[in-house]
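One structure is given below, encoded as structure tokens.
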Amino acid sequence: MIRAQIKIPTPNKATSRSLVESVQPDNLKMKGLRVKGKTLGRTASFTLEFGGKIETFIFTLDDLLRCLQAARETLTKVSS
């Protein structure tokens, strides 16, 4: 089992919640992948677990980070 944890600081709890919610629909697409997102105050926290190949896990992690970056940039522009 491969595991990773990502913590992203945000300006406020609402932004953290929005980041967590923005990636929820993608969590169920891959067999053996589990992504748990939660809001910890001004931090969006994600735990990933995967029971497959490391290469697949790395690609999945990279995809999640890109989605989070796009969502964070959008939220920053919208809330400005």
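Every number here is computed from the coordinates shown, using simple stated rules; none is lab data. Because the structure is a prediction, the values reported are computed rather than measured. Every residue, glycine as well, gets a Cβ built from its backbone with ideal geometry; the counts of neighbours run over all protein chains shown.
For the chain, what is Rg from Cα atoms divided by 2.2 N^0.38 Å, rounded to two decimals? Expressed relative to 2.2 N^0.38 Å, the Cα Rg reads 1.10. For the chain, a crude dipole built from +1 on the beta carbon of Lys and Arg and -1 on the beta carbon of Asp and Glu, taken about the Cα centre, is about 280 debye to the nearest 20.
When you restrict to C-alpha pairs under 8 Å that are six or more residues apart and normalise by the size of the chain, the relative contact order lands at 36 percent.
Only DSSP H runs of four or more residues enter the estimate; each adds -39500 (n - 2.57), and after division by the residues of the chain the mean residue ellipticity at 222 nm equals -15000 deg cm²/dmol.
The label point for Arg34 and the one for Thr74, both projected 7 Å from the Cα toward the Cβ, are 2.8 nm apart.
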